[in-house]
Structure formats: structure tokens, C-alpha cells
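No lab work stands behind these numbers, since they all come straight from the coordinates. Just so it is clear, the structure is predicted and the values come from calculations on it, not from any experiment. No Cβ is skipped: glycine too gets one built from the backbone with ideal geometry, and neighbour counts run over all protein chains shown.
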Number of protein chains: 6
Amino acid sequence: MEDRFKKGMDILKIINEDNIEDIFKNLEDIAPDLGRFVVEYPYSEIYTRELVDLKTRELCTIASLTTLGYPQNELKSHIEGALSVGVKAQEIVEIIMQMSAYAGFPASIDAMMSAKEVFKEKDLLPIK
Amino acid sequence: MEDRFKKGMDILKIINEDNIEDIFKNLEDIAPDLGRFVVEYPYSEIYTRELVDLKTRELCTIASLTTLGYPQNELKSHIEGALSVGVKAQEIVEIIMQMSAYAGFPASIDAMMSAKEVFKEKDLLPIK
Amino acid sequence: MEDRFKKGMDILKIINEDNIEDIFKNLEDIAPDLGRFVVEYPYSEIYTRELVDLKTRELCTIASLTTLGYPQNELKSHIEGALSVGVKAQEIVEIIMQMSAYAGFPASIDAMMSAKEVFKEKDLLPIK
Amino acid sequence: MEDRFKKGMDILKIINEDNIEDIFKNLEDIAPDLGRFVVEYPYSEIYTRELVDLKTRELCTIASLTTLGYPQNELKSHIEGALSVGVKAQEIVEIIMQMSAYAGFPASIDAMMSAKEVFKEKDLLPIK
Amino acid sequence: MEDRFKKGMDILKIINEDNIEDIFKNLEDIAPDLGRFVVEYPYSEIYTRELVDLKTRELCTIASLTTLGYPQNELKSHIEGALSVGVKAQEIVEIIMQMSAYAGFPASIDAMMSAKEVFKEKDLLPIK
Amino acid sequence: MEDRFKKGMDILKIINEDNIEDIFKNLEDIAPDLGRFVVEYPYSEIYTRELVDLKTRELCTIASLTTLGYPQNELKSHIEGALSVGVKAQEIVEIIMQMSAYAGFPASIDAMMSAKEVFKEKDLLPIK
């Protein structure tokens with residue numbers, strides 16, 4: 001089991017190490033196992049599969065979270081993750097914009113505002 | 001207005017011309033304008049933007065439709081579209097699998113069964 | 001309690017009596033109380049309130065069911081109900097089309113196909 | 001293309017000019033095209049169609065946003081828009097209440113709290 | 001009608017009296033009938049049925065609200081309600097964790113953060 | 001890794017062995033790893049945790065799937081699973097009925113029709 005955890009943590013170091021540290025910290029006195037599951041299931045089992053690169057995976061996760069609409073915190077973490085693995089801010093904007101056709105304009109606009117917060121912190125605005 | 005329509009149809013010829021013909025035919029006696037909007041808004045305005053390639057766009061649409069769960073017909077059309085623009089069947093499988101972490105296992109399994117139908121018709125099974 | 005039931009049934013006679021008979025029949029050997037709740041809560045308590053007319057109420061229910069995406073059977077019943085209280089087929093088409101902007105094109109197209117089935121049975125196609 | 005934009009802006013002047021100005025301002029350094037799409041697709045193409053009046057359209061949009069649950073900001077904008085085109089506060093309350101039957105009580109209560117904020121700002125409380 | 005209301009209020013005194021008082025107060029100048037419906041429909045008609053105990057009912061409501069994702073306020077009220085009827089904090093944690101498989105990790109993590117707020121107020125952390 | 005798989009399969013033998021065999025068979029030529037993940041993540045990691053019993057877990061999963069609305073196949077499998085671990089048909093009916101308050105009547109009625117199919121096959125109708 002430790003190996004699965006280590007494998008997940010190794011990929012999280014590339015994608016978004018701060019975010020998983022936050023998740024661990026937030027969950028430690030209530031549900032530490034849920035933090036472990038995040039590492040061991042999606043990160044260890046899914047993100048490590050090399051048939052699709054991390055940039056595409058992160059953009060697809062951004063598409064999914066934009067569609068769900070409510071998880072803006074997780075969306076912001078994955079926007080940071082996308083930037084970390086080399087996705088350009090403009091590509092993130094494009095995919096969020098595309099979601100207007102599948103999840104509606106409110107989903108797209110809400111997600112864009114979350115992207116804007118992340119980009120602002122990282123001094124990436126205005127998008128060119 | 002005609003130019004926008006033509007621009008959308010041009011990209012649909014690359015992605016999934018049969019699908020848009022079906023949409024037109026299905027809508028012609030009830031809401032032909034809705035068919036026109038599909039061409040003029042997502043296809044003409046979004047899919048033509050070159051900052052993200054069609055392969056990535058189709059995978060993100062597959063992620064979104066898997067997350068919504070109910071639109072299995074549209075999902076099948078976009079799986080066909082993804083294959084048409086050069087996405088490999090295995091990549092589609094990977095993204096649908098990834099959605100289990102964001103939209104749950106039922107969403108992922110339902111979408112995989114739709115993918116299977118499309119792949120079977122196109123003689124792409126078993127996935128290697 | 002009988003009065004609430006009677007009040008709901010009276011309005012259902014105007015909107016869609018066949019549909020509630022179907023619901024009763026479908027639920028009778030599994031959950032007859034759920035059928036009673038449908039009459040006593042939404043129909044008796046909500047649809048009888050005269051501050052909004054039945055035509056507007058049915059169009060708003062169509063908007064909601066189109067947005068949810070999965071309940072196509074209930075959507076078809078409410079399309080029938082809308083026609084019964086005097087909504088024109090074209091108005092139903094317009095509202096379903098409008099939902100493309102809030103719930104996405106797949107929601108809108110799926111609902112339009114359900115409307116088409118109802119309109120076809122009632123010989124209302126093509127929509128003018 | 002300018003004509004479509006102008007047509008959308010003309011109707012937005014009636015519905016909710018301040019809101020579209022906010023959207024433009026919020027999007028200007030990240031995705032100005034998304035703001036343009038909001039004007040050119042839903043407002044120019046949908047809200048201008050005269051087969052359904054603006055009051056009914058706004059109530060149906062309120063029904064849809066209440067059903068989605070997460071987009072409370074967009075809901076508040078459309079509640080303002082509904083009031084601008086002549087919908088009475090009480091009618092908005094009725095439709096949000098009706099959604100309890102299709103989207104559940106939490107959706108209905110959350111939307112009611114958003115309506116309350118808008119009505120309070122406009123000194124429309126208590127609703128009679 | 002008064003009897004139904006009284007029956008609902010009696011069970012609410014066991015589950016979460018403060019919460020219904022808040023709902024009444026929040027709705028009093030906008031939609032008092034919606035508050036009455038909450039008492040008369042779910043609490044009076046559903047929660048009083050003795051075939052399933054209140055502990056199981058509250059855990060199932062927590063599962064549903066976690067799945068919907070957006071109604072974190074209602075979720076917090078039902079977490080309080082669950083504790084009031086004797087559900088252990090650890091059981092709530094377990095069910096929210098379980099939802100990761102059906103509604104995705106973001107739904108599960110968001111709900112866990114809401115549970116944490118409630119547990120913190122009630123001095124129930126760390127969960128053992 | 002084999003141990004995790006075995007642990008999940010052991011609990012699936014109690015809950016619904018036929019269902020996992022179907023999932024494996026359905027996924028074998030497209031995404032066998034997804035079948036493995038279902039065993040290794042929810043069943044091995046979640047359902048084996050003894051802090052909540054299997055009856056309550058299955059009822060909570062039924063609540064979640066009813067709320068999602070679209071996954072009727074998965075819902076039917078979990079209704080079978082619930083019966084296998086000793087939940088009474090009437091308890092399943094109660095929880096599905098309860099969901100009308102949180103996910104709306106269409107969600108509740110659709111799920112009840114799925115329950116009816118399962119109960120009919122198992123000769124459990126009429127529910128007493």
C-alpha cells in the first residue's frame with residue numbers, strides 16, 4: 001500500500017504539491033483516510049498512466065469541474081495544477097469557454113472567474 | 001450570418017459531418033434554428049479557435065458529457081468526432097476512466113458502455 | 001387530508017388527468033403514498049396558487065426538467081400538460097431552445113426530441 | 001457580426017444593462033470573447049424571438065438557474081432582469097417555490113435567499 | 001391542515017428545531033408558505049414514517065446533499081440533525097467519504113469541510 | 001495490490017457478486033482496469049470499513065444514485081445489493097420516497113420504477 005501512496009505523491013509533486021498538503025491538513029482531524037484515497041486512487045492509479053499526458057488530463061479535469069459547477073475550490077487547484085504541468089493560461093481559458101456549449105453560460109462564467117483569481121495571483125493577467 | 005454558418009460547417013466536415021446532418025434532419029420539422037445555432041455557436045465560434053487543437057477539444061467535451069451523465073447520444077457523437085480528428089480509442093478510454101474521480105464511478109461506467117458501442121461499430125475492440 | 005387530495009385532483013383534471021392515472025397505476029403495488037404526495041404537494045399546494053397562471057407554471061416546469069436532463073418521461077408529461085392548459089407548441093419549442101444557454105446544447109436537443117415525440121402523437125408537426 | 005452584437009445589446013438595455021456591463025468588465029482581461037458570445041448567442045438569437053415574451057423567458061431562466069443550484073450570481077442577475085421587464089416579485093417567488101417539486105427543497109430555499117437579497121436592495125420586502 | 005403542521009413540528013423538535021426556526025425567520029417576509037411546506041411535506045409526511053429510523057433517514061439525506069454538491073447550508077443543518085437523533089460523527093464521516101465513489105472526490109471533500117465546521121462548533125474534533 | 005483486490009471481492013461476494021461479474025465482462029475488452037478500480041477503491045476501501053454497516057451503506061448509495069437521476073442501471077444493482085445484505089424492500093421504498101424532498105419528484109419516481117423492476121423479478125410485489 002505504501003508503494004501506491006508513494007507513486008501518487010510522486011506525481012503530485014509535479015502537479016500540485018501544495019494542494020495535496022492543504023488537503024491533508026484540512027482532513028487530518030476529521031478524515032485522513034480520504035486524503036490518502038485522493039493520493040492512492042486518482043493520482044496513483046489514473047494520472048500516472050502515460051497513455052494521455054498530464055496537460056490533457058488536467059484540461060479534461062477542468063472541463064469536468066466547470067461542468068459540475070459547484071466545486072470552485074477544486075477547480076482553482078486544478079487550474080494551478082494545469083499551469084504547473086505546462087498548460088498555458090490561454091488554453092485553460094479556451095476550454096472553460098468551450099464548456100458554455102455543454103454546461104451552459106453560467107457554468108462557463110463562474111469557472112472563468114475562478115481562473116481569473118488564480119491567474120491574478122500568478123500575475124498572468126491580462127491573458128494575451 | 002451565412003459566413004458564420006459556413007465556417008461552422010467547414011469544421012464539422014472535419015469532425016463529424018454525419019452527426020450534424022442527423023441533427024438537422026431531427027430538428028427540421030420542430031426547431032431548425034436550434035440546428036443552425038449548434039453550427040453557428042459552438043462549431044463556428046469555439047471549435048475554430050486554434051489556440052487548442054481539435055483533439056484536445058473533443059477529449060474535453062467527452063469529459064464534460066461523461067460528467068453530465070444523461071447525454072449518452074451526444075457523447076457517442078463526440079466519441080466519433082474525437083476518432084475523426086485523430087484521437088486514439090485508448091485515449092478516449094483513459095479520459096472516461098479519469099472521470100470516475102470527479103463525477104463518480106456510475107458516470108464513468110455509463111460513458112464507457114457508450115464508448116464501447118461506438119468502438120464496436122468501428123471494429124476497434126478489443127482496445128489495446 | 002381528503003380536501004387537499006381533492007384540490008390537487010381537480011387541477012390535475014385540467015392539466016393532465018391521464019398522467020396522474022398512470023402514476024397511480026405505476027405506483028400502486030410499490031409506493032401508493034408517493035402518488036398521493038404528488039397530488040397533495042405540488043398539484044394541491046403549488047399549481048392551485050393563482051398568482052401565476054398554469055401556462056407559465058408549465059413552461060417553467062419544462063425549463064426545469066430540460067435542465068435536469070434525465071427525466072424525459074416527466075418532461076413529456078409536462079409537455080402534454082402545457083398543451084392542455086393552452087400553451088402553443090411553438091412556445092414550448094422556444095423555451096426548450098432557450099435552455100441551451102443555461103443547461104447546454106445536449107440538454108436542449110434531448111428535450112427537443114422528447115417534445116417532438118409528443119407533438120408527433122398529437123399531429124402538431126411541422127411546427128409553424 | 002456587429003449587427004448581431006447590436007441586436008443583443010439592444011435587448012440587454014431593456015433587460016439588464018448593468019449586468020452585461022459587469023460581465024464585460026469581469027471578462028475583459030481574461031476572456032472578452034465570452035462576454036461577446038453572451039450578447040450574440042442567448043440575447044441576440046434567443047431573447048429577441050417574439051414568440052414568447054420577455055417576462056415568461058425570464059421566469060423560465062429563473063426556473064433553470066434554481067434547478068442548477070450553484071449559479072446564485074447569475075440567478076440574482078436574472079431576478080433583476082425579470083423585475084426590469086415587468087415580472088412582479090410575487091411571481092418570482094411563486095416560480096422559485098414551484099421548483100421545490102422538481103429540484104428539491106434545498107434548491108428552492110437557496111434560490112429564495114438570493115431573491116430576498118435582490119428584493120431587499122430594491123426595497124420590495126415584505127412581499128405582499 | 002394544522003394537524004399536519006403540528007405533526008411535522010413535533011418531529012422537527014427532535015431533529016433540529018433551531019434550523020426550522022431559522023428557515024421560518026429567513027422566509028417570513030418573502031415566502032412563509034415555503035417554510036410551511038418544508039414542515040408539512042418532508043417532515044410531516046416522510047420523517048414520521050416509522051419504517052426507517054431517523055438515524056438512517058438523516059444519513060441518507062446527507063448522502064443526497066453531498067451528491068448535489070451545492071447545498072452546503074442545508075447539509076450542515078442535516079449534519080446537526082443527524083447528531084441530534086444519535087448518529088455518531090464518525091458515521092457521518094463514513095457516509096460522506098463513501099460518496100466519493102458515486103459523486104466524485106470534489107463532492108466528498110466539500111461535504112467533509114462542511115461537516116468539519118459543524119463538528120468544530122460542537123467540539124467533536126478530532127474524530128476518533 | 002492483489003490483497004486489496006481480494007478484500008474487495010470478498011465483500012462483493014456478500015453484496016452483489018453477479019453485478020461485479022457483469023461489470024468485468026462488460027469492461028474486459030475496453031477498460032478492464034476500471035473494473036479493477038471499482039473493486040479496489042469503493043469495495044475494498046470503503047464498504048469494508050465497519051464503522052457503518054452494509055445495510056446503511058447500501059441505502060445511502062441508493063439515496064445518492066436516486067439524486068443523480070441518470071444511473072438507473074447502477075441503481076438497480078445497488079437495490080439488489082441492498083436486498084442481499086438484508087435491507088427490506090419497504091426500507092428501499094422509503095428512502096427513494098424521501099429523496100423527493102431533496103432531488104425532486106422526477107428523481108424519486110424514476111428511481112421507484114427501477115426498484116419496481118428489481119422487486120418484480122424477485123417476486124417482492126406488492127410491497128406490504
Query raised in the report: Per-residue mean of other chain beta-carbon atoms within 10 angstrom of the beta-carbon, peptide A:90-96?
Result: 6
Query raised in the report: Given A:I92, A:C60, A:H78, which one lies farthest toward the positive end of the charge dipole of the stretch A:53-128, if we put +1 on the Cβ of every Lys and Arg and -1 on the Cβ of every Asp and Glu?
Result: A:I92
Requested in this report: Quick one: dipole size for the protein assembly as shown, taken about the Cα centre, charges +1 on Lys/Arg Cβ and -1 on Asp/Glu Cβ, in debye to the nearest 20.
Outcome: 0 debye
Report task. Pick out which of C:A63, C:A101, C:A82 has the largest mean-square fluctuation in a Gaussian network model of chain C, springs linking Cα atoms closer than 10 Å. Result -> C:A101
Query raised in the report: GNM on chain E, C-alpha springs below 10 Å: top fluctuator among E:D53, E:D29, E:D18?
Result: E:D29
**Report entry** Cβ charges +1 (Lys, Arg) and -1 (Asp, Glu), total dipole of chain B, debye
**Finding:** 440 debye
**Report entry** Residues in the stretch D:1-42 reached by a label modelled at C:I127 [backbone nitrogen below 19 Å; 7 Å Cα→Cβ]
**Finding:** D:41-42
Query - Listed residues F:I109, F:I11, F:I30, most fluctuating in chain F (Gaussian network, C-alpha, under 10 Å) - result: F:I30
Query raised in the report: Does the stretch C:56-116 classify as rounded, prolate or oblate by the C-alpha gyration tensor (a ≥ b ≥ c root eigenvalues; a/c under 1.5 gives rounded; else a/b over b/c gives prolate, otherwise oblate)?
Result: prolate
Requested in this report: List the distances, in nm to one decimal, from the label point of A:R49 to the label points of the same position in every other copy, shortest first, placing each label point 7 Å from Cα along the Cα-to-Cβ direction.
Outcome: 2.5, 2.9, 4.0, 4.0, 4.8
Report task. Considering only chain A, pick the residue with its Cβ nearest the axis of the rotation onto chain F, and state the distance in whole Å. Result -> A:Y41, 2
Query raised in the report: How large is ³J(HN,Hα), in whole Hz, for each residue of the stretch F:84-90 in order, when computed from phi with the Karplus curve 6.51 cos²θ - 1.76 cosθ + 1.60 and θ = phi - 60°, using x for Gly and Pro?
Result: 4, 8, x, 5, 7, 3, 4
Query raised in the report: When only Cα pairs under 8 Å and 6 or more residues apart are kept, what is the percent relative contact order across chain A?
Result: 23 percent
Query - Per-copy distances of the E:Q90 label point, shortest first, in nm (7 angstrom along Cα→Cβ) - result: 3.2, 4.5, 5.5, 5.5, 6.7
Query - Exposure proxy ranking, count of Cβ atoms within 10 Å, fewest first, for D:M113, A:M97, F:M99 - result: D:M113, A:M97, F:M99
Requested in this report: Using the 7 Å Cα-to-Cβ label point, sort the distances from C:L125 to its equivalents in the other copies shortest first and give them in nm to one decimal.
Outcome: 3.0, 3.1, 4.8, 4.9, 5.7
Query - Residue-averaged beta-carbon neighbours from other chains (10 angstrom radius) around E:36-43 - result: 5
Report task. Pop out the ³J(HN,Hα) list for the stretch F:41-48 in order, Karplus 6.51 cos²θ - 1.76 cosθ + 1.60 with θ = phi - 60°, rounded to Hz; leave Gly and Pro as x. Result -> 8, x, 6, 6, 8, 9, 5, 7
Report task. Once you have a ≥ b ≥ c as the square roots of the Cα gyration tensor eigenvalues for the protein assembly as shown, tell me rounded if a/c is under 1.5, and otherwise prolate or oblate according to whether a/b is larger than b/c. Result -> rounded
Report summary line: With a ≥ b ≥ c from the Cα gyration tensor eigenvalues, square-rooted, and the rule rounded for a/c under 1.5, otherwise prolate when a/b > b/c and oblate otherwise, chain B is prolate
Query - Estimated vicinal HN-Hα couplings, Hz - the stretch E:49-60 in sequence order (Karplus 6.51, -1.76, 1.60; Gly, Pro = x) - result: 6, 8, 5, 10, 6, 5, 4, 5, 4, 5, 5, 5
